[in-house]
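Visitor: First, the structure itself, so that you have it in front of you.
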Amino acid sequence: MSLQIKELADKAVKHASKIGVDFAEIKSEESVTRNIEAVNEEIRTVSESNNIGIGIRVFNGKGVGFSFSNILDKEHIFQAVERALKIAKTSKRRTLMNLKLAAVDPRTETKITNVKNHPRNASLDEKKDLCLRECKTALRESKRIANTLSRFGEYHGTIYYSNSEGTEVSHQPLLTGLTISCVAKKGASIVDARDSYGGSYGLDLFKKEHSPEKMGENAAKWALEKLEAKPAPAGKFEALIDPRLAGVLAHESFGHLSEGDTVAIGASPLAGRIGQKLGTEIVTIVDEGRPREGGYSMPFDDEGVPCKRVEILKDGVLKCYLQNRVTAQRLKMEPTGNARSQDYSFEPIVRMRNTFFNVGDWSPEEALRELKRGIYALDSAGGQVDLTGTFLFKAIRGYWVEGGELKYPLLDVALTGNILELLKNINAVCNNLELFSSPFGGCGKMEQRAFVGLGGPHIRVKDVLFGGTS
Amino acid sequence: MEELLEVGKKASKHARKLGVDEAEIFLYKENLTSIKFVGGIFASRGGALKGLRGSLLRIAEPWIKKKGLPVITGGVRAGVGIRVVVKKAIGFASVSSIKEKKIMETVENATKIAKIRPPDPSWDSLPKPKKPRGQNGISDEKIQNLDIDETLKLCVDSCIVAGDFDRKITQAMMGLSASAMTFAVINTKDIEVGDKGTTFTVFMATKAKSGNEEVSSSDMLMSRTYIENLQEFATNTSRNAIECLGKKPLPEKHIGPVVFENISWHQLFSTIFTPSISALNVQENRSIYKGQIGKQIAEKSLEVVDDGTLLEGFGTTIVDDEGTPKQRTPVIENGALQNFLYDNYSAKRENKESTGNANRHRPPIASYANIPMIRPTNLVIQPQRGNLENLVSENNSGVLVKGSLIGVHTSNVITGDFSVTADNAFKIENGRVAYPLKACTVAGNLYESLKSIIAVGNDSKCFGNVICPSVAVEKIVVAT
């Protein structure tokens, strides 16, 4: 972070206090996003975007105002402060809620991200080669691989947060990712498959098990396998769910329900249910800022609060919601460090960080061996969820299982159900926790995007409704 | 705009000095205000607060007037996107700043990027200046100097109108955004142009409850100028919700005529049809319409035009996002396909002229951070006759689909197949709306639907880059 921006931020906080706010906070950001895309063995797109700016939130009585600017001079930043105050005053007259911030201890801390082979120091050539190597390996697998698309992405920079209570923290977010999707063709049938990996790591991440060669081979192999796949049967079956799909369930269908803002307005079915048993005893769902196992690492949230490890569900019992300082005050709980904004131009809202099922004591082999008749469902191409916990997900790989053995591959399978019922049907949680994150996309909420991590171990669930091929 | 042009020219000079073959500087500045107002979460009407242990809102009155939960943000976003060409290889870099120093650095970054890319044999050149044919975008002073107090009051008043419409309304929410933007394009082929404009977008959602049944309805309005009166809009949104109470399942699967309200039809049409007329998609075999120019692709009466010169259009500016003048391009005439939409790159590949359809608008990412893509300016389905009621009355039996559809993004844009969920649908019997339907799946094929149009209404509405009326088509499958 350039000294100039830091100074400007500090001046803005002082200016805010002078013109009569009760509380002011500033998020300054300087970050870079780079994307490289290769189709087959040709680089198609390379782009870079630099994001620099300042966002300001002020409280005036029970009114809140947010403003931002990326024209970084004193005149524009002070204008933004004044505008935020004007918005706060306007809001105040119309607000029913008494919005207050839960108390936190002021903190001064700087966290530096130290990784081997940080993408900011690596050449474009090295990154470009990751994509080309990935495509090349996949294309070599078979003549039936008709098309490969590989993407490399990186995001990193510095975030500096300060507020009128004396908190000053800064950290250096980092996210790198590599992905490949392959299309395989045989006669009239066309199928696709993909592999990807990413997290807060340097480029050494792509050296061993997540090398472009390994991922290229996986995606091609899985696509070829799908050429022989059969449609999935429809009906209720026991299912073994892989870490990626488990992550999507943890994040999309359960995590969103535990967000304090949804809980505070009573829109979540988890509202008022702390202490209740919602799942089997072997189920623990965690949301954490810096998990050891990977994902997207963040030490502080965008209110300068340290990211706590939150066990939302512990041994099947609902323990906690995800909070920012406003929802924490409202629900009379502790802030958990879950306030996040897409960038400086958005106000912080309650968001997840890395959401996952915690490990159990089954080995994945054991969990499969004891699956008599059902479906092994892997990875997800997204789906739909609603605020009652009802979900529809499409798994993009699957196998029919009989007597603990994979019998044949399945085409895309749709799973539907309600997460609150699913949690009661989990009968095995394995010991192989994996976390995934990606610089492509991320989670969307209230027109803001945020990078998140998600995952879990393999989990086994009875009575999952599969929708067949539709 | 002069400010943007000036710094853009400097950047273009800097690029030449670095020895690039071509450079394009896109500068963008936007003053954006967004207001969201959740009006009245009405406890005593059995609303959302049940079972909350009273921790949130203590509301005694049945209808809390003039207060709710406002969330307002506003600010200035400015930045630059730079394309440079070195030996037919293209580099792109952007920065969220219009400071000279940052822009110069970004020119250098774009150049570095171009150097690692292979040449694109299809690359011809950046566009050259052309005489404008259309009009400047509308810039409404009221939006440029937005009064936040007044605008919040507009939201609050609208929520009150929506709540007062019927006691069964349990919640009304309004989202509003007002934007005043300026942009400029400078390139080394002597293009030095720009324009400014304002937009005003309103979204409203209401919930209604009766017994154990809870329904919702939403609607939107998009305009280039400030809308002073939203009473009718708010009333209609509430009326739509109330009309959905008493939902029943369909007695049997319906295969036949469906009347789509303009908002529902727009979602399917924009998502599926729009990519199919992009020249780039046609060139790369991603469109069903390849080789179909001059052929009948729709019912004979259907007229579709992409009109970037339409005064009140959301997509109207004097030039597109690479500096090519906007124009009027016929897409479908008498049901026959006339033209595809081009940016400069796809046009040069076919030795044609760009139709002025280069577009960088892809929220929530700021425009300057995106490479131009082919998008319609104002894609207009020409209105014919009759409002929604008239369209319904022309069908003895069928289904009326209203409001926003769920899952439109899962449609297959290549084949045209869609299967979506409609939460605001009605059974039509004897040419009349008989009763509301439980959430139903609506499935069909959009490209086939264009050929089986029964009627096109005259209730055209602007949905950003698409302006369309309600449409009735055959051969749609509906099931609850």
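The values are calculated or read from the model by the stated rules, or taken from the named source; none is laboratory data. Quantities reported herein were computed from a predicted structural model and do not represent experimental measurements. For neighbour counting, all protein chains shown are included, and Cβ atoms are generated from backbone atoms with ideal geometry for every residue, glycine included.
Visitor: Under 8 Å by Cβ, and 6 or more places apart or on different chains, what pairs join a residue from segment B:151-166 that is within 13 Å of another protein chain (Cβ to nearest Cβ) with one that is acidic (Asp, Glu) and surrounded by fewer than 20 Cβ atoms within 10 Å (Cβ to Cβ)?
Guide: B:154/B:228
Visitor: Can you find a residue that is among the basic types (Lys, Arg), part of a strand (DSSP E or B) and touching a Ser or Thr at 6+ places or on another chain (Cβ under 6 Å) anywhere in segment B:187-204? Walk me through how you get there before you give the answer.
Guide: Restricting attention to segment B:187-204, the residues satisfying the condition of being among the basic types (Lys, Arg) are B:189, B:196.
Filter once more, keeping what is part of a strand (DSSP E or B): B:196.
Keeping just the survivors that are touching a Ser or Thr at 6+ places or on another chain (Cβ under 6 Å) gives B:196.
Taking every residue of segment B:187-204 in turn, at least one turns out to be among the basic types (Lys, Arg), part of a strand (DSSP E or B) and touching a Ser or Thr at 6+ places or on another chain (Cβ under 6 Å).
Visitor: Considering only segment A:101-112, I want to know if a residue exists there that is touching a strand residue (DSSP E or B) at 6+ places or on another chain (Cβ under 9 Å) and under 28 Å from residue B:148 (Cβ atoms).
Guide: Yes, that holds for at least one residue.
Visitor: I'd like to verify a number: residues in segment A:320-365 that are without any contact (Cβ under 8 Å) to a residue 12 or more places away in the chain and not basic (Lys, Arg), how many?
Guide: Of the residues in that region, 1 qualify.
Residue-wise test of (1) under 23 Å from residue A:447 (Cα atoms); (2) at pLDDT 95 or above; (3) not assigned by TED's automatic domain parsing to the domain that holds residue A:219.
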site: A:352; (1), (2), (3): yes, yes, yes
site: A:368; (1), (2), (3): no, yes, yes
site: A:377; (1), (2), (3): no, yes, yes
site: A:382; (1), (2), (3): yes, no, yes
site: A:388; (1), (2), (3): yes, no, yes
site: A:393; (1), (2), (3): yes, no, yes
site: A:397; (1), (2), (3): no, no, yes
site: A:404; (1), (2), (3): no, yes, yes
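Visitor: For residue A:344, which of the numbered conditions (1) assigned to a strand (DSSP E or B); (2) over 19 Å from residue A:437 (Cα atoms) fails to hold?
Guide: (1)
For (1) touching a residue at least 24 places away in the same chain (Cβ under 8 Å); (2) within 13 Å of residue A:237 (Cα to Cα); (3) touching a Gly at 6+ places or on another chain (Cβ under 8 Å); (4) surrounded by 18 or more Cβ atoms within 10 Å (Cβ to Cβ), each residue gets a yes or a no:
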residue: A:369; (1), (2), (3), (4): yes, no, yes, no
residue: A:376; (1), (2), (3), (4): yes, yes, yes, yes
residue: A:391; (1), (2), (3), (4): yes, no, yes, yes
residue: A:399; (1), (2), (3), (4): yes, yes, no, yes
residue: A:403; (1), (2), (3), (4): yes, no, no, no
residue: A:407; (1), (2), (3), (4): no, no, no, no
residue: A:410; (1), (2), (3), (4): yes, no, yes, yes
residue: A:414; (1), (2), (3), (4): yes, yes, yes, yes
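Visitor: Just to be sure, is residue B:295 of a type outside the set (Asp, Glu) and at pLDDT below 95?
Guide: Working: of a type outside the set (Asp, Glu): yes; at pLDDT below 95: no.
For residue B:295, the condition - of a type outside the set (Asp, Glu) and at pLDDT below 95 - is not met.
Visitor: Here are B:217, B:177: which of them is in contact (Cβ under 8 Å) with a residue 12 or more places away in the chain and surrounded by fewer than 21 Cβ atoms within 10 Å (Cβ to Cβ)?
Guide: So the residue among B:217, B:177 that is in contact (Cβ under 8 Å) with a residue 12 or more places away in the chain and surrounded by fewer than 21 Cβ atoms within 10 Å (Cβ to Cβ) is B:177.
Visitor: Starting from residues that are under 26 Å from residue A:438 (Cα atoms) and polar (S, T, N, Q), keep the ones in segment A:315-341 and report whichever is surrounded by the fewest Cβ atoms within 10 Å (Cβ to Cβ).
Guide: Restricting to residues being under 26 Å from residue A:438 (Cα atoms) and polar (S, T, N, Q), the top hit is A:341.
Visitor: Here's another thing I want to ask about it. Working carefully through the options A:348, A:364, find the one that is outside the structural domain of residue A:159 (by TED's automatic domain parsing) and either within 16 Å of residue A:426 (Cα to Cα) or surrounded by fewer than 21 Cβ atoms within 10 Å (Cβ to Cβ) (or both).
Guide: Working: A:348 fails: either within 16 Å of residue A:426 (Cα to Cα) or surrounded by fewer than 21 Cβ atoms within 10 Å (Cβ to Cβ) (or both).
Selected residue: A:364, the only one of A:348, A:364 that is outside the structural domain of residue A:159 (by TED's automatic domain parsing) and either within 16 Å of residue A:426 (Cα to Cα) or surrounded by fewer than 21 Cβ atoms within 10 Å (Cβ to Cβ) (or both).
Visitor: Consider only pairs whose beta carbons are under 8 Å apart and that are at least six residues apart or on different chains; among these, list those whose first residue lies in segment B:102-118 and is within 15 Å of residue B:27 (Cα to Cα) and more than 7 Å from chain A (Cβ to nearest Cβ) and whose second residue is assigned to a helix (DSSP H, G or I) and β-branched (Val, Ile, Thr).
Guide: B:103/B:7
Visitor: Next up: Taking the criterion of being within 14 Å of chain A (Cβ to nearest Cβ), outside any loop (DSSP other than H, G, I, E, B), surrounded by fewer than 17 Cβ atoms within 10 Å (Cβ to Cβ) and not charged (D, E, K, R), would at least one residue in segment B:335-345 satisfy it? Full working, then the answer.
Guide: Within segment B:335-345, the subset within 14 Å of chain A (Cβ to nearest Cβ) is B:345.
From what is left, the residues that are outside any loop (DSSP other than H, G, I, E, B) are B:345.
From the residues that got through so far, the ones that are surrounded by fewer than 17 Cβ atoms within 10 Å (Cβ to Cβ) too are none.
Scanning segment B:335-345, I find no residue that is within 14 Å of chain A (Cβ to nearest Cβ), outside any loop (DSSP other than H, G, I, E, B), surrounded by fewer than 17 Cβ atoms within 10 Å (Cβ to Cβ) and not charged (D, E, K, R), so the answer is no.
Visitor: Continuing with this model, one more query. Test each condition in (1) at the interface with chain B (Cβ under 10 Å from one of its Cβ atoms); (2) assigned to a strand (DSSP E or B) for residue A:28 and report the one that comes out false.
Guide: Of (1) at the interface with chain B (Cβ under 10 Å from one of its Cβ atoms); (2) assigned to a strand (DSSP E or B), only one is false for residue A:28: (1).
Visitor: Quick one: which helices (runs of 4 or more DSSP H) sit completely within segment A:207-322 and have at least 2 residues that are more than 25 Å from residue A:458 (Cβ to Cβ) and of a type in the set (A, V, I, L, M, F, W, C)?
Guide: Details: elements: A:212-227, A:243-248, A:260-264.
Where helices (runs of 4 or more DSSP H) fall fully within segment A:207-322 and carry at least 2 residues being more than 25 Å from residue A:458 (Cβ to Cβ) and of a type in the set (A, V, I, L, M, F, W, C), they are A:260-264.
Visitor: Restricting to segment A:141-164, name every residue that is surrounded by fewer than 18 Cβ atoms within 10 Å (Cβ to Cβ), of a type outside the set (Ser, Thr, Tyr) and in contact (Cβ under 8 Å) with a residue 40 or more places away in the chain.
Guide: A:144, A:146, A:147
Visitor: Considering every residue within segment A:412-419, establish whether at least one is in the same structural domain as residue A:242 (by TED's automatic domain parsing), at pLDDT below 95 and part of a loop (DSSP other than H, G, I, E, B). Can you show your working first?
Guide: First, the residues of segment A:412-419 that are in the same structural domain as residue A:242 (by TED's automatic domain parsing): A:412-419.
Filter again for at pLDDT below 95, leaving A:412-419.
Filter again for part of a loop (DSSP other than H, G, I, E, B), leaving A:412.
Looking for residues that are in the same structural domain as residue A:242 (by TED's automatic domain parsing), at pLDDT below 95 and part of a loop (DSSP other than H, G, I, E, B), one finds at least one in segment A:412-419, hence yes.
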